[in-house]
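Peer 1: The structure is given below, and queries will be raised subsequently.
The values are calculated or read from the model by the stated rules, or taken from the named source; none is laboratory data. Everything numeric in this text was worked out from a predicted model, so none of it was measured. When we count neighbours, we look across all protein chains shown, and the Cβ atoms used for this are built from the backbone with ideal geometry, even at glycine.
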Amino acid sequence: MKKFFEFSFKRPILVLIFIISAFSIFSCAIKPSQSTNHAILRAVGVDKIGDEYEVSILSFTSSSTQNFSENYTLTSAKGESITQALQLAGDYLGKQIALAHLSTIVVNLQASENLTETLDYFAREYVVNNSTNIICTNTTAKEFLEKTLPLESEDSSNESNIVTHNAKFVTGFDSNIESVYESANKPSRTTFVSYLKLADEGVDLSGENNSASSDSSGGSGNSESGQKKEDKKLENDGSVVVLVKGKNAGILESEDVRNLSWGTPNTKKSNINLQNYSDENLQDATVVLVCQGRRVKKEAYFDGDIPCVKFSLSMQLDVMEILQKNALIKTYIPKTTHFNDKMRRDAKEKIKSDFYTSFEKIKQLNADPFNFYEMLEKKDKNKFKNYIYSLENQEDYMKGIKVVMEINLRKN
Amino acid sequence: MENMLFEFAKTIIGENLDVVEKQVKCKDVTLTLLFYKSMIKEDYLIYGILKPILDYENGKDSENPTLDNLKNQIISTGIIEKLEDEQSVKKAITQNKILIFSNNQTDACLSVDIVDYPARLPQEPPTSAVLKGPREGFVEDIRTNITLIRRRLATDKLVLKELSVGKYTQTKVVISYIEGIASKAVVCSIKSRLEKINIDGVIDAYYLINFLEDKRFSVFKQVGSTEKPDIVVGKMLEGRVAIIVDNSPIVLTLPFLYMEDIQSSNDYYTNNFYATFIRFIRLFGIFMSIIVPGFYLALRFYHYNLVPFKFLVTIDNATQTIPLTPFLEIVFLLILFQLLYEVSLRLPQYLGLATSIVGALILGDTGVKAGLISPPGVLVIALSIISIYTVPDQEGQLNLLRAVFILLGGGFGLFGIVSGVVFTVGYLNSLNNYGAPYLAPLSPLVRSDLKDAFYKSNITKMVDRPRSFKNKNKVRLKK
Amino acid sequence: MKKEISSRQLGILIFISMLGFKLTFLPASLYKYARTDGIISFFLALIIDLICFVLVFITFLRNEDVSFSAFLEKRIGMFFAKIVYFLFFIFFIFKLFFLISAGIYFVKEAIYEEGTLSLFLFLFLLTINSLFLFKINAFSRTVEFFFPMIFFVLVFIIVLGFLTSNFHSLTPLFVRNSSEIFNGTFRNFISFGDFIFILPFMGKVNFEKIKTNVIKFVCYALIILSSFYIAYFSFFKYTAYMHFHAITDIIEFVPLAAIIENLDWLPTTLMLTIFLFQGPIYLFVVVNSLYNITKTRKFSYDKRFILIPFNIIFILLELLLFYGAISMLVLSQQVASFVCFAISVFVSILCFAISFIKKKTERKKHYIVKLYNEDLKWISEMKNFNKKLAIKKSFKVGGAK
């Protein structure tokens, strides 16, 4: 023993290496890899049915075919809380739930009524990134995941990428856990969440890539086979669920979303259809114009005591397509590709009228997606406070705000 | 009259197969030559010693030849010394010199140094190949090695001090430095350490390394070694001391800094920018060789969440049917590759091709197809092993470090790896050899030496000698 | 006195000690009290910290060749010096305890789903003890070695964070009450006040370019911290309370992260490295303080022996408190932060004040040193200290020659 202590003091590093080696060898020689006993979830569906939650998990299962295919299993479980339901689902699979690679959370409309409550578990769980996409659906989340199972392994068209595409090109709003909680905490308390529907028309989900497999387990959990060809299809028309203070305030249809997207600089592409357009070259034509390089500046001001917000748009419109209805004018006139003053005026009017129309709907929902509250408060805190206190219901502050849009179309 | 010295010499030289006792009559004197015939050049014996003696015998001079005559006039070859005591006679025998005894002079004898033995010609060393630049390498013969150095340092300031080390081998060890540049404290320290060595024999330069190190039980090398004379001369010009050992093609240099192994002679014979790029590749290679297998295990055992999903799919699918756990798989692959390496070192060249086919195709490919090993595991270990040879001088210590990091990564995960790296660097920083911090010029930061550390700057900018270790005469380039 | 570390190394140690918790849980904790004005609380704490640093640094500069123990004992006597050491001990024990607990918690949450406390504790204590045992010059060289990597990774993370930030959302500020802002400052002061660690380093630092180097590294740290907090609060203005590990969350929404899926390993590795360097700094001060409290003129011992009982007590405390009813963070906000604030301010002011107190004998010595430095500069290169002393004494008798 004495010799051992003497040796330890003389050669401490050797003793250290020996201890580390012994520990490592004993602990990891027979230890399997983490993904063997963890169910790696790619998507979770939450359905609120009454006071219960039904959680459906889409977990990745490895296969020994040694190609790069991704195989998924869908399992469901019910519980009084999401934590309980998830644990049960994991038990049915015989693995621990691993949420680090979670990319999508799908909720049904009932669960979206109080979305912050629904997402509470996921917000607290550190391994779940707050950039995880949130999708609302018209059917149950379980059915949604079932029907979209074939898309999961296709990188370009799975629902997570659809949501990202919408955020960039359609709505201009992120639809993730962070944006939901931000909307619950910020004064303007509004955000949009992607609303993907299963409908009769849309992306065909049946096909050869249906690699879904399933396990069935006892108890209140069940899982589905995805081999049947169904009529329901995934429809992404850009409609959104409007969340006010983390709660579902209503659904905004795609047309309104696209009209409102004129007010956000984030959406990359927008287009306008001028119906029944006539000028010296065209008669009753449908002219499609595409916006390039849109810059949006929002300015808050007070017109006396009335809070106002001015949207100043600066962009360039290009003629993309002309659909001539009048069969008499068939000659292709190069001049019609030129964006003339009448077209400019009509385009401006159309954008403004579309925007104001859709904005009225937003006002009805008491939603403030453009953060008017913060802008007006920053502009003149006292005046804005006076305005707020003057209202019967302070939540209805949007109704009294005047919105003006100015458009500057830059010349080509 | 009895020649006591001769009797003593005979007892020392013994009755061995290659001992020759030749008597030559010259005038009235009988000269006895005693030598090991395997250690002398016969031509020099015949034409340099025997012929001149015979010429004198047949010459006009009638005086009997004395030892002094033989030394100064008659014998025309080799280094001749007159020995008068038993100790020097013993030393001359051990140094394989020819002893010449005269029957009319019993109090002394002559030793003639015409030692010759088969020696290799300078060739390019296999671990220091260059694309452009000198290709000479040191050989086992110390005289040739000294010639190679002296040819490059045409200065009277070159100092070569000889010592003998080893009770039975009496190996010649030469301490070489440039006076006025090398630090005397370092020279004295090296000399005193070598003089204190009391060992049976020194077969190679590596025998001396443990005696010259400050921390003897360290995994990390603390003495520089090279087989190229241009590298040695370059280091001596920076103020280092070179130790040349007989029978060894390795020349040791001190003080040693870690950055020396990152530098290569190729860097000085090519474009600066390319040399800088290659140094970064070497550093990256060191990092890859040590860290990658341990990191792979850490990801598999603890941090699946850090692996991008696509990689996770590939790895999981590929390792689905592997019967071994990840740790055992990595250890198995490591042992397999090490076996292949050892075999390839010892196999004759004509079997080398067969070994590579067996190793690469059969073991690698078939093992994967049979489901015994996985492609990610093979890739990780192959990458690690190949990366070690970006810095071949550190092969041994990198291999050991890799094993330690495999244990740390597998047992503790990423935290273990980070702790291991920090601990290793801390340990390296605690090494000080001959007053030089081991990781200089990085820590402590010596800005002037960075020009030849991570990056290689223009030679016109290298005005000062390195400040990371003790030397004198700091300016080496005057503008 | 023998100089063990360079001024650049001291600057880097100060830089490392200024980071730490400020990059992990502090923003979320500030939000808890001051909401969107958490950034104001942070800058207020930083200003107080800087004032303390200036006081401490001036003390440091005025006592080039004196060790801290000699400085204290000569100025205020042995008894009061031991009290000051006791305060140091308390301060840094809190810090060390908090560092290990918060560090382990961070690591466990960020990258280890399964990992036992004992595993982390073993490695953590092993590494910081080893770095301590390698001695201060090897440890400071190690920190100097890693500094470029730490700095560039930090800059990279902050640049990534700025990619998703929107500076307009940072304003309006000062919307909360001043009491809430001050509360946020004082309840989180455990993350500040590290500067006083440089006092026990007195006499060990090479004073060449010390002002330049220290000020340079303090500025680097200030710039990095300020830009980090601006980027963080401009993006997570309303959700800062959800992001307990700020440095990993700041890059969560970056498009690059989306491609690679998870860049968490980068900030986690960075924080691990920073924690592993802060530990030995605190350990150095704790061991030194304990040694100076327990030693007497007749009794002294090897400081390394303090490590054994210290580590045992530490492990027991961690095992008892880590999973206890009161989490470390709550403890820090209720008790430890106020204690840390009081000690760091008190010690800074005290040391600054007493550095101006000079006794008669010291005044004479100062005169002699001045003469000796001005008239005979070549003597400073002589390494034999006794010779120096002899020459000093000869001047003392006859005055200048």
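Peer 1: When you scan segment C:70-89, do you find a residue that is touching a residue at least 60 places away in the same chain (Cβ under 8 Å) and either closer than 22 Å to C:Leu26 by Cα or in a loop (DSSP other than H, G, I, E, B) (or both), even just one?
Peer 2: no
Peer 1: What do you reckon, is B:Leu408 within 14 Å of chain A (Cβ to nearest Cβ), under 25 Å from the mean Cα position of the chain (by Cα) and in contact (Cβ under 8 Å) with a residue 12 or more places away in the chain? So that I can check it myself, show each step before the final result.
Peer 2: Values: within 14 Å of chain A (Cβ to nearest Cβ): yes; under 25 Å from the mean Cα position of the chain (by Cα): no; in contact (Cβ under 8 Å) with a residue 12 or more places away in the chain: yes.
Here the answer is no, as B:Leu408 does not meet what is asked.
Peer 1: Related question: Give C:Leu126, C:Leu119, C:Leu61 a once-over and let me know the one that is surrounded by fewer than 21 Cβ atoms within 10 Å (Cβ to Cβ) and either in contact with a strand residue (DSSP E or B) (Cβ under 8 Å, 6 or more places away or on another chain) or without any contact (Cβ under 8 Å) to a residue 12 or more places away in the chain (or both).
Peer 2: Sole residue among the options that is surrounded by fewer than 21 Cβ atoms within 10 Å (Cβ to Cβ) and either in contact with a strand residue (DSSP E or B) (Cβ under 8 Å, 6 or more places away or on another chain) or without any contact (Cβ under 8 Å) to a residue 12 or more places away in the chain (or both): C:Leu126.
Peer 1: Which residues, counting only those in segment A:1-15, are among the basic types (Lys, Arg) and more than 60 Å from the chain's Cα centre (by Cα)?
Peer 2: As a first pass, look at segment A:1-15 and keep what is among the basic types (Lys, Arg): A:2-3, A:10-11.
Of everything in segment A:1-15, those that are among the basic types (Lys, Arg) and more than 60 Å from the chain's Cα centre (by Cα) turn out to be A:Lys2, A:Lys3, A:Lys10.
Peer 1: Can you name the residue in segment B:48-97 that is among the basic types (Lys, Arg) and modelled with pLDDT of 85 or more and, of all such residues, is farthest from B:Asn3 (Cα to Cα)? First the steps, then the outcome.
Peer 2: Within segment B:48-97, the subset among the basic types (Lys, Arg) is B:51, B:60, B:71, B:82, B:90-91, B:97.
Going one step further and asking which of them are modelled with pLDDT of 85 or more, we end up with B:51, B:71, B:82, B:90-91, B:97.
Working: B:Lys51: 25, B:Lys71: 19, B:Lys82: 15, B:Lys90: 15, B:Lys91: 18, B:Lys97: 19 Å.
Across segment B:48-97, the extreme among qualifying residues is B:Lys51.
Peer 1: Answer yes or no: is there a residue in segment C:303-312 that is away from chain A (no Cβ under 14 Å), at pLDDT below 80 and farther than 25 Å from C:Pro172 by Cα.
Peer 2: Looking for residues that are away from chain A (no Cβ under 14 Å), at pLDDT below 80 and farther than 25 Å from C:Pro172 by Cα, one finds at least one in segment C:303-312, hence yes.
Peer 1: Could you identify the single residue in C:Phe156, C:Phe152 that is under 21 Å from the mean Cα position of the chain (by Cα), of a type outside the set (Lys, Arg), part of a helix (DSSP H, G or I) and over 30 Å from C:Gln334 (Cα atoms)?
Peer 2: Details: C:Phe156 fails: under 21 Å from the mean Cα position of the chain (by Cα).
Criteria check complete, one pass: C:Phe152.
Peer 1: If you go through segment B:354-374 one residue at a time, how many are surrounded by fewer than 17 Cβ atoms within 10 Å (Cβ to Cβ) and in contact with a helix residue (DSSP H, G or I) (Cβ under 6 Å, 6 or more places away or on another chain)?
Peer 2: Matching residues across segment B:354-374 total 1.
Peer 1: Scan segment B:363-378 and report the pairs whose first residue is assigned by TED's automatic domain parsing to the domain that holds B:Pro326 and whose second residue is of a type in the set (S, T, N, Q), with Cβ atoms within less than 6 Å and a gap of 6+ or a chain change.
Peer 2: B:Gly371/B:Thr321; B:Ser374/B:Thr319
Peer 1: Still on this model: So is B:Leu445 surrounded by fewer than 24 Cβ atoms within 10 Å (Cβ to Cβ) and part of a helix (DSSP H, G or I) or not? Don't jump to the end; show me each part of the working.
Peer 2: Details: surrounded by fewer than 24 Cβ atoms within 10 Å (Cβ to Cβ): yes; part of a helix (DSSP H, G or I): no.
No, not satisfied.
Peer 1: What do you reckon, is B:Lys167 at pLDDT below 90, over 18 Å from B:Val233 (Cβ atoms) and of a type in the set (D, E, K, R)? So that I can check it myself, show each step before the final result.
Peer 2: Working: at pLDDT below 90: yes; over 18 Å from B:Val233 (Cβ atoms): yes; of a type in the set (D, E, K, R): yes.
Yes; evaluated as a whole, the condition is true for this residue.
Table: residues versus (1) under 28 Å from C:Pro267 (Cβ atoms); (2) within 14 Å of chain A (Cβ to nearest Cβ).
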site	(1), (2)
B:Gln394	no, no
B:Ala403	no, yes
B:Gly416	yes, yes
B:Asn429	yes, no
B:Pro437	no, no
B:Arg447	no, no
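Peer 1: I need the full set of residues from segment B:296-307 which are out of contact with any Gly (no Cβ under 7 Å at 6 or more places or on another chain) and either facing chain A (nearest Cβ under 9 Å) or charged (D, E, K, R) (or both), in order please.
Peer 2: Start the filter on segment B:296-307 by keeping residues that are out of contact with any Gly (no Cβ under 7 Å at 6 or more places or on another chain), which leaves B:296, B:299-300, B:304-307.
Of everything in segment B:296-307, those that are out of contact with any Gly (no Cβ under 7 Å at 6 or more places or on another chain) and either facing chain A (nearest Cβ under 9 Å) or charged (D, E, K, R) (or both) turn out to be B:Leu299, B:Arg300, B:Tyr304, B:Asn305, B:Leu306, B:Val307.
Peer 1: Which one of these does A:Gln84 not meet: (1) away from chain B (no Cβ under 14 Å); (2) without any contact (Cβ under 8 Å) to a residue 40 or more places away in the chain; (3) in contact with a strand residue (DSSP E or B) (Cβ under 7 Å, 6 or more places away or on another chain)?
Peer 2: Against the list (1) away from chain B (no Cβ under 14 Å); (2) without any contact (Cβ under 8 Å) to a residue 40 or more places away in the chain; (3) in contact with a strand residue (DSSP E or B) (Cβ under 7 Å, 6 or more places away or on another chain), A:Gln84 comes up short only on (3).
Peer 1: Next question. Out of (1) under 23 Å from C:Gly193 (Cα atoms); (2) surrounded by fewer than 17 Cβ atoms within 10 Å (Cβ to Cβ); (3) among the hydroxyl-bearing types (Ser, Thr, Tyr), what's the single condition that is false for C:Ser300?
Peer 2: So the condition that C:Ser300 fails would be (1).
Residue by residue, here is whether (1) more than 14 Å from chain B (Cβ to nearest Cβ); (2) hydrophobic (A, V, I, L, M, F, W, C); (3) within 30 Å of C:Glu109 (Cα to Cα); (4) touching a Phe, Trp or Tyr at 6+ places or on another chain (Cβ under 9 Å) holds:
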site: C:Ile250; (1), (2), (3), (4): yes, yes, yes, yes
site: C:Pro255; (1), (2), (3), (4): yes, no, yes, no
site: C:Leu266; (1), (2), (3), (4): no, yes, yes, yes
site: C:Met271; (1), (2), (3), (4): no, yes, yes, yes
site: C:Leu283; (1), (2), (3), (4): no, yes, yes, yes
site: C:Val287; (1), (2), (3), (4): yes, yes, no, yes
site: C:Tyr291; (1), (2), (3), (4): yes, no, no, yes
site: C:Thr296; (1), (2), (3), (4): yes, no, no, no
site: C:Phe299; (1), (2), (3), (4): yes, yes, no, no
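Listed here are the residues, each with its yes/no results for (1) surrounded by 24 or more Cβ atoms within 10 Å (Cβ to Cβ); (2) at pLDDT below 90; (3) out of contact with any Leu (no Cβ under 9 Å at 6 or more places or on another chain).
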{"residue": "B:Val313", "(1), (2), (3)": "no, yes, yes"}
{"residue": "B:Thr321", "(1), (2), (3)": "no, yes, yes"}
{"residue": "B:Leu328", "(1), (2), (3)": "no, no, yes"}
{"residue": "B:Leu336", "(1), (2), (3)": "no, yes, no"}
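Peer 1: At least 1 residues that are closer than 22 Å to B:Lys172 by Cα in each: list the strands (runs of 3 or more DSSP E) lying fully within segment B:18-127 that qualify. Working first, answer last.
Peer 2: Values: elements: B:19-26, B:29-36, B:79-83, B:98-102, B:105-113.
Where strands (runs of 3 or more DSSP E) fall fully within segment B:18-127 and carry at least 1 residues being closer than 22 Å to B:Lys172 by Cα, they are B:29-36, B:79-83, B:98-102, B:105-113.
Peer 1: Could you please find all residues in segment B:173-199 being among the charged types (D, E, K, R) and either assigned to a loop (DSSP other than H, G, I, E, B) or within 18 Å of B:Gly435 (Cα to Cα) (or both)? Steps first, answer last, please.
Peer 2: Quick first cut of segment B:173-199, residues among the charged types (D, E, K, R) only: B:179, B:184, B:191, B:193, B:195-196.
Passing the criteria: B:Glu179, B:Lys184, B:Lys191, B:Arg193, B:Lys196.
Peer 1: Hey, does segment A:122-136 have a residue that's assigned to a strand (DSSP E or B), touching a Leu at 6+ places or on another chain (Cβ under 6 Å) and under 20 Å from A:Asn248 (Cβ atoms)? Spell out the reasoning first.
Peer 2: Initially, segment A:122-136 is screened for residues assigned to a strand (DSSP E or B), giving A:133-136.
From the residues that got through so far, the ones that are touching a Leu at 6+ places or on another chain (Cβ under 6 Å) too are A:135.
Now drop any that are not under 20 Å from A:Asn248 (Cβ atoms), which leaves A:135.
Scanning segment A:122-136, I find at least one residue that is assigned to a strand (DSSP E or B), touching a Leu at 6+ places or on another chain (Cβ under 6 Å) and under 20 Å from A:Asn248 (Cβ atoms), so the answer is yes.
Peer 1: Does C:Gly77 satisfy the condition of being out of contact with any helix residue (DSSP H, G or I) (no Cβ under 9 Å at 6 or more places or on another chain) and at positive phi? Spell out how you get there, then give the answer.
Peer 2: Details: out of contact with any helix residue (DSSP H, G or I) (no Cβ under 9 Å at 6 or more places or on another chain): yes; at positive phi: yes.
Against the criterion (out of contact with any helix residue (DSSP H, G or I) (no Cβ under 9 Å at 6 or more places or on another chain) and at positive phi), C:Gly77 qualifies.
Peer 1: Specify which of the listed residues (A:Val15, A:Val46) is in contact with a Ser or Thr (Cβ under 7 Å, 6 or more places away or on another chain), outside any strand (DSSP E or B) and more than 8 Å from every other protein chain (Cβ to nearest Cβ). Step through it out loud before you land on a result.
Peer 2: Values: A:Val46 fails: outside any strand (DSSP E or B).
The match here is A:Val15.
Peer 1: Related question: With the condition kept exactly as written, say whether any residue in segment B:345-364 is away from every other protein chain (no Cβ under 14 Å), in a helix (DSSP H, G or I) and under 24 Å from the mean Cα position of the chain (by Cα). It would help to see each step written out before you state the result.
Peer 2: We begin by selecting, within segment B:345-364, every residue away from every other protein chain (no Cβ under 14 Å); these are B:345-364.
Now narrow it down to the ones that are in a helix (DSSP H, G or I): B:345-346, B:349-364.
Adding the requirement that they be under 24 Å from the mean Cα position of the chain (by Cα) leaves B:345-346.
Among the residues of segment B:345-364, at least one is away from every other protein chain (no Cβ under 14 Å), in a helix (DSSP H, G or I) and under 24 Å from the mean Cα position of the chain (by Cα), which makes the answer yes.
Peer 1: Moving on. Only one of these conditions is not met by B:Ile278: (1) part of a helix (DSSP H, G or I); (2) under 30 Å from C:Val107 (Cα atoms); (3) among the aliphatic types (A, V, I, L, M). Which number is it?
Peer 2: If we test B:Ile278 against (1) part of a helix (DSSP H, G or I); (2) under 30 Å from C:Val107 (Cα atoms); (3) among the aliphatic types (A, V, I, L, M), just (2) comes out false.
Peer 1: Which residue pairs have Cβ atoms under 6 Å apart, sit 6 or more places apart or on different chains, and have a first residue in segment A:104-127 that is within 14 Å of chain C (Cβ to nearest Cβ) and a second that is of a type in the set (Ser, Thr, Tyr)?
Peer 2: Hits for this filter: A:Thr104/A:Ser160; A:Tyr121/A:Thr83.
For every residue, the table says whether it meets (1) over 30 Å from C:Ala353 (Cβ atoms); (2) within 10 Å of chain B (Cβ to nearest Cβ); (3) at pLDDT 85 or above.
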{"position": "C:Phe89", "(1), (2), (3)": "no, no, yes"}
{"position": "C:Lys108", "(1), (2), (3)": "yes, yes, no"}
{"position": "C:Glu113", "(1), (2), (3)": "yes, yes, no"}
{"position": "C:Leu121", "(1), (2), (3)": "yes, no, no"}
{"position": "C:Leu133", "(1), (2), (3)": "yes, yes, yes"}
{"position": "C:Ile136", "(1), (2), (3)": "no, no, yes"}
{"position": "C:Arg141", "(1), (2), (3)": "yes, yes, yes"}
{"position": "C:Pro148", "(1), (2), (3)": "yes, yes, yes"}
